[in-house]
1. Mind listing the long-range amide H neighbours of residue 413? Cut-off is under 5 Å, sequence gap 5 or more, other chains count too, H placed in the peptide plane at 1.01 Å from N.
2. So what is Rg over Rh here for the range 254-394, counting just Cα atoms and using Kirkwood for Rh?
3. List the chymotrypsin sites (Phe, Trp or Tyr not before Pro) in the range 393-454 that DSSP assigns to loop (not H, G, I, E or B) and whose Cβ has at most 11 other Cβ atoms within 10 Å. Which are they?
4. When only alpha-carbon atoms count, how far does the range 454-606 stretch along each of its three principal axes, as whole angstroms with the largest first?
5. Normalized C-alpha radius of gyration of the range 135-234, against 2.2 N^0.38 Å?
6. Can you give me the % of accessible surface on the range 101-188 that is carbon or sulfur? Probe 1.4 Å, all protein chains present, nothing else counted.
7. Just how far, in whole angstrom, is the range 541-571 from the range 302-357 if you go by their alpha carbon centroids?
8. State in Å² the accessible area per residue of the range 98-255; use a 1.4 Å probe, count heavy atoms of protein chains only, and round to the nearest integer.
Amino acid sequence: MDMVEVLGRLSVQKAQSPVWRPTYLKRTAFRPNSLLGFCGRGSGMSTTVRCCSVESKPATGEVFSITSSAKSEIDYLGQSTKGDMNVKKEHLDASGIDSQATLEGPIEEIAWMEAKEAEKLLNNLGVPDPFSSRYSPRGIFCSRTLNLRSISAIGYDMDYTLIHYNVMAWEGRAYDYCMDNLRSMGFPVDGLEFDPHLVIRGLVVDKERGNLVKADRFGYVKRAMHGTRMLSTRAVSEIYGRELMDLRNENRWEFLNTLFSVSEAVAFMQMVDRLDEGAVAEELGPLDYKGLYKAVGKALFRAHVEGQLKSEIMSEPERYVEPDPELPLALLDQKEAGKRLLLITNSDYHYTDKMMQHAFNRFLPNEMGWRDLFDIVIVSARKPEFFQMSHPMYEVVTGEGLMRPCFKARPGGLYSGGSAQMVESSLDIHGDEILYVGDHIYTDVSQSKVHLRWRTALICRELEEEYSALLHSRSHRAALIELINQKEVVGDLFNQLRLALQRRAKGRPAQTLAATKMDDQELTERIQKLLIVMRRLDQKIGPMLEADGEYFNERWGFLSRAGLWDKSHLTRQIEKYADIYTSRVSNFLLYTPFMYFRSQEQSLAHDAYSNLLPDLDSFSVNSLKKSPSL
């Protein structure tokens with residue numbers, strides 16, 4: 001079946017679907033004489049269909065109507081929609097489609113047939129179904145159901161969101177400037193080098209103890225490093241066994257929210273070693289770990305404020321910025337679908353303009369510039385205060401950055417400062433009609449969610465590497481789980497025999513008749529044998545647990561996990577504040593701007609037990625009476 005036939009079938013067979021017809025898209029990336037508008041990506045030969053728009057025949061008007069949002073109902077997953085889509089009868093009549101005949105029969109059968117046909121046509125179009133995207137390193141993962149039809153505006157952060165930097169180059173250079181500033185302050189930094197594998201996003205700095213820790217979703221510390229030395233499990237237990245990591249105590253704990261935190265954390269942990277060695281001069285004053293952390297932060301802050309680092313990046317953007325040709329096309333789809341796009345960044349105007357020109361302009365069609373994509377651009381936004389309070393807004397009126405005060409943003413404008421409330425007022429949209437996309441858990445995602453109830457998306461590039469690491473470790477984790485299951489069975493028998501021996505010592509019968517009939521020697525020998533087996537299993541399991549996640553990071557394991565079974569504190573933050581999360585913005589190109597992101601069923605501790613019960617109807621409390629007497 002060729003593509004024209006596929007599109008033809010889409011236009012005549014679907015009574016409840018919009019009419020799809022080929023359209024000529026005036027984009028330089030497309031072959032001008034191609035009916036279907038195939039476009040090449042990069043220098044390869046592969047092509048992606050970017051050819052269809054939802055349109056109706058001119059004589060019949062729109063394919064479907066939309067109920068206003070004020071009158072729209074609540075969908076079955078509990079999220080408000082941006083108006084319900086309704087079939088237009090006059091369009092069906094004009095097309096010669098009998099809606100009654102199309103809908104005859106049980107809807108379950110109709111839906112099953114339509115879904116099978118849709119799956120076939122999607123396959124012919126080369127479009128993956130939504131379910132397969134969940135199992136892709138470039139999928140968009142959903143924590144809270146999000147219907148893109150309900151989104152009127154999409155705001156974007158820039159650094160590490162729309163612009164992805166080479167971490168080794170960018171953070172390595174930031175580290176170099178930080179070390180230079182520390183040297184000028186009198187700190188011993190000779191011989192130190194940037195090691196990006198020393199830390200990962202989602203770790204927490206303990207400023208009181210000079211430690212870097214990884215906590216689970218409850219705040220229990222699972223791994224820790226003092227300076228650049230990993231602490232043993234026993235040491236971690238002795239230090240943190242009686243306390244929880246609490247991010248609300250900002251005086252002690254510092255969460256590594258973003259990749260921008262890497263250079264600072266590496267520098268601090270290395271300087272902890274120098275402080276412990278007594279290499280820090282007494283002239284710098286009596287320094288504790290908190291004072292050292294402030295000194296490192298001050299040195300890195302100088303590197304940013306003095307402008308040397310950004311000037312170097314602006315002069316050689318190709319060295320620091322990783323290009324993504326698909327990114328501008330993803331935003332172009334959203335804009336053409338009626339979404340109002342916003343750029344809200346803390347970077348200044350000159351840096352923003354230089355980086356966006358480099359990352360976007362060469363990949364946009366018809367001599368478009370990056371500014372043409374956005375309805376409103378806000379630089380020097382001062383997030384998170386941008387979401388928390390009101391600041392004066394200034395309009396940038398010249399290419400040199402000259403500004404004048406203003407009180408309301410207009411479409412196509414470029415502004416500095418202001419607040420999220422001003423954006424809402426200017427666009428006349430509020431709250432959950434706006435989706436904000438950023439890489440910083442606190443500055444971008446948490447604060448826009450907490451203060452404004454905006455919908456949120458987190459960009460975490462490391463997800464792609466973690467996905468690959470999880471695939472590589474499947475056999476290791478399967479073997480580890482098998483050993484743990486074996487120990488659980490052996491341990492259960494050990495516990496039962498131990499209890500039988502305990503009861504016998506008190507002159508009471510064992511739990512079962514078989515255990516009661518065992519003599520003392522047999523009980524003792526069996527217990528000793530099982531104990532030896534369990535100790536040998538521990539010797540095998542322990543190192544395997546330590547090695548779990550080493551494909552991602554040898555010190556810290558997986559980004560999203562804390563131990564074999566539990567989620568990391570970072571994952572808990574993502575689930576709490578990010579409605580969706582993904583590795584890069586261009587992943588939106590794999591979906592439509594009308595996508596319905598549906599969260600998966602959340603498993604509970606008792607779910608596994610309910611699945612094992614063959615007949616819940618016959619289960620009752622009375623069945624417990626059959627259990628052995630206690």
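The values are calculated or read from the model by the stated rules, or taken from the named source; none is laboratory data. Given the structure is predicted, the values throughout are model-derived calculations rather than measurements. We place every Cβ from the backbone using ideal geometry, glycine too, and count neighbours over all the protein chains shown. Each accessible area value is taken on the protein alone, full model and side chains, heavy atoms only, with ligands, DNA and RNA left out. Shrake-Rupley method; radii C 1.70, N 1.55, O 1.52, S 1.80 Å.
1. Those lying under 5 Å, H to H, from residue 413 are 377.
2. Details: Rg = 20.1 Å, Rh = 18.4 Å.
Checking Rg against Rh, the ratio lands at 1.09.
3. Details: sites: 394, 407, 415, 436, 442, 454; in loops: 407, 454.
The qualifying sites are 407.
4. So the three principal-axis extents are 72, 31, 21 Å.
5. Working: Rg = 19.2 Å, N = 100, 2.2 N^0.38 = 12.7 Å.
Against the empirical 2.2 N^0.38 Å value, I get 1.51 for the range 135-234.
6. Numbers: 2330 of 4030 Å².
So the carbon and sulfur contribution to the accessible surface is 58 percent.
7. Between the Cα centre of the range 302-357 and that of the range 541-571, the gap is 33 Å.
8. Numbers: 7780 Å² over 158 residues.
About 49 Å² of surface per residue is accessible.
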